[in-house]
Amino acid sequence: VSVPVPGLEYAAVFSFDIPATRQIIVADIRLPRIALAATVGLSLAAAGTVMQGFFRNPLADPSIIGVSSGAAAGAVAAIAFPALIPFGGLHLSAFVGALGTAFLVYGIATDGGRTPVATLLLAGVAVQAFLGAMISYMLVHSGDSLREAVFWMMGHLNNSQWSDVQFALPIALVGVLILCAFRRELNVLLLGEEDAHHLGIEVERTKLLLLALASVVTAAGVAVAGVIGFVGLVVPHIMRLIVGPDHRILLPTSALAGASFLVATDTLARAGPAVVPVGIITAALGAPFFLFLLTRREVQSL
């Protein structure tokens, strides 16, 4: 019931006029960049948590099986030689390159229906080395596209658009939610594959699903933002020190912390007179902090 009060004037909270320029800056420039940073951080941190549990190694990250290298190869090919990419589009090319590399590594490492983790790791290292050579070759012959290709490989959120968010966010959210459904399996895999089998886990099937989901989530983030390092390595490890190794808590908290971390670092990247690629900031902050943890002997084995 409205009770009129003599002499009192009121207005809606957001009834004031907003200049068109400021509306464009907020709605079309700032908000897409923040949303994309949160999406990419969520993807990389969740995938890093799964990879560290999958390999039972605190030094594992989403790029350990060549996903980032595959995305970089696809993106550089799309930038330097667009005529050779039949399906077109930088994001799609990077996404396909990332997934193709992940499943190539899995196929190489699988023998007789079994995929030893050590073989998977070694296959990833070898494929990464080969893709690194291919990327270097394409950069040498990229001509005028060299600057754009190198800038993409640094990892950046410049010129973020809502279309980038629409590409990455659904894949990231669905992938992370499905990964959260495998939290119990991740906990059991920490005991070892033999013990996990005795406890009723279909080890090879579970490994394939975890690897595929983590690769898809990583590919979604890398395809729209380039190669951003240390988010999937440092954030899960910090959260493990805070909340413990139980993936029922660790996985969702790491995903949220990754989103917050990348939004904060991107804000820092825009703080100076010139905008710095966010990949430089994450490496500059992540590497010293991780070295600090190493010197304090706080890098825990899984």
- Message: Consider the range 200-226. How many of its residues are at pLDDT 90 or above, closer than 20 Å to G124 by Cβ and among the β-branched types (V, I, T)?
- Response: 4
- Residue in the range 227-259 that is most open to solvent (accessible area, probe 1.4 Å), counting only those that are under 23 Å from A149 (Cα atoms) and of a type outside the set (G, A, S): F230
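Output the helices (runs of 4 or more DSSP H) that fall wholly within the range 20-89 and possess 1 or more residues being crowded, with 24+ Cβ neighbours inside 10 Å, of a type outside the set (G, A, S) and more than 11 Å from the chain's Cα centre (by Cα), or say none. Working first, answer last.
Values: elements: 20-24, 31-55, 67-80.
Once the helices (runs of 4 or more DSSP H) in the range 20-89 are filtered for at least 1 residues that are crowded, with 24+ Cβ neighbours inside 10 Å, of a type outside the set (G, A, S) and more than 11 Å from the chain's Cα centre (by Cα), what remains is 31-55, 67-80.
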- Would you please list the contacts, defined by Cβ atoms under 7 Å and residues six or more apart or on different chains, that run from a residue in the range 185-204 that is touching a residue at least 60 places away in the same chain (Cβ under 8 Å) to a residue that is open to solvent by less than 50 Å² (accessible area, probe 1.4 Å) and acidic (D, E)? N187/D246
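Given the condition in contact with a Pro (Cβ under 9 Å, 6 or more places away or on another chain), of a type in the set (S, T, N, Q) and open to solvent by 40 Å² or more (accessible area, probe 1.4 Å), answer yes or no: does some residue in the range 288-301 qualify?
Within the range 288-301, one or more residues are in contact with a Pro (Cβ under 9 Å, 6 or more places away or on another chain), of a type in the set (S, T, N, Q) and open to solvent by 40 Å² or more (accessible area, probe 1.4 Å).
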- Is the range 219-226 home to any residue that is touching a residue at least 60 places away in the same chain (Cβ under 8 Å), open to solvent by 30 Å² or more (accessible area, probe 1.4 Å) and hydrophobic (A, V, I, L, M, F, W, C)? no
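Any residue at all in the range 216-225 that's outside any helix (DSSP H, G or I) and on the phi < 0 side of the Ramachandran plot? Even if it seems obvious, please write down each step before you answer.
As a first pass, look at the range 216-225 and keep what is outside any helix (DSSP H, G or I): none.
The answer is no, given that none of the residues of the range 216-225 is outside any helix (DSSP H, G or I) and on the phi < 0 side of the Ramachandran plot.
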- Note on the structure: Filtering the range 102-159 down to residues that are more than 28 Å from L36 (Cα to Cα), open to solvent by 30 Å² or more (accessible area, probe 1.4 Å) and outside any helix (DSSP H, G or I) yields T110, D111, G112, G113, R114, P116, H141
- Do we have I281 as open to solvent by less than 40 Å² (accessible area, probe 1.4 Å), of a type outside the set (G, A, S) and not in a helix (DSSP H, G or I) here? no
- Note on the structure: Of the residues in the range 125-143 that are at pLDDT below 90 and of a type in the set (G, A, S), the one that is nearest to D164 (Cα to Cα) is S142
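The values are calculated or read from the model by the stated rules, or taken from the named source; none is laboratory data. Since the model is a prediction, treat every value here as computed from it, not as a measurement. Here Cβ is always computed from backbone atoms with ideal geometry, including for glycine, and neighbour counts include all displayed protein chains. Protein only, heavy atoms only, side chains kept; ligands, DNA and RNA dropped before computing areas. Shrake-Rupley method; radii C 1.70, N 1.55, O 1.52, S 1.80 Å.
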